[in-house]
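> Following this message is one structure expressed as structure tokens.
The values are calculated or read from the model by the stated rules, or taken from the named source; none is laboratory data. Worth saying up front: this structure is predicted, and the values here are computed from it rather than measured. Note that we place each Cβ from the backbone using ideal geometry, even for glycine, and neighbour counts take in every protein chain shown. Heads up: the accessible areas ignore ligands, DNA and RNA and are worked out on the full protein's heavy atoms, side chains in. Shrake-Rupley method; radii C 1.70, N 1.55, O 1.52, S 1.80 Å.
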Amino acid sequence: MSWRDLIASVLIAVVTPLAMLVFTPTAARSLGRRWLFLLPVAFCAGAEMPNASYLIALVQLPAQVVSGQFADLPDTPREPLTTFTTASGIQVYVPVEGDQIWDAPLPATPYPNPALRLCCPDSLECGFAV
């Protein structure tokens, strides 16, 4: 955050409530309710105009999230897998080479242990024990 951003934020936080205090209910009747609402909005918009890139980002961000293109992240890498069967009969996915299992189905580990067993029979819910 730059000094300009900090000053704009402080101005918005301090001046907007003061502007609302100046326009008391009697002044509000003379201006009308629309102007009483539009004045702080216009002030905030004017204070943020030097930072238009932030306003543009606020519009683009929801569109990227909805389309699934958030920040143009690369796809998760996939490594070839094989299965390892423990002494208790659990089939664990392990990488063919290396120790990366990025997007492997569960249960998966790069370092299989033959003594691995389920805490609850037929369910991954309770976890594992050695």
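> Restricting to segment 88-99, name every residue that is under 21 Å from Glu125 (Cβ atoms), surrounded by fewer than 16 Cβ atoms within 10 Å (Cβ to Cβ) and not polar (S, T, N, Q).
Initially, segment 88-99 is screened for residues under 21 Å from Glu125 (Cβ atoms), giving 88-93.
Next, only the ones that are surrounded by fewer than 16 Cβ atoms within 10 Å (Cβ to Cβ) stay: 88-89, 91.
Hit for segment 88-99 is Gly89, nothing else.
> Which count do you get for residues in segment 84-130 that are of a type in the set (Gly, Ala, Ser), touching a residue at least 24 places away in the same chain (Cβ under 8 Å) and more than 30 Å from Pro74 (Cβ to Cβ)?
Adding up the residues that qualify gives 3.
> If I go through segment 62-87 residue by residue, how many of them are hydrophobic (A, V, I, L, M, F, W, C), open to solvent by less than 70 Å² (accessible area, probe 1.4 Å) and at pLDDT below 65?
Looking only at segment 62-87, we keep the residues that are hydrophobic (A, V, I, L, M, F, W, C), and these are 63, 65-66, 70-71, 73, 81, 84, 87.
Filter again for open to solvent by less than 70 Å² (accessible area, probe 1.4 Å), leaving 63, 71, 81, 84.
After this cut, where a residue has to be at pLDDT below 65 as well, the list is 71.
The number of residues fulfilling the criteria is 1.
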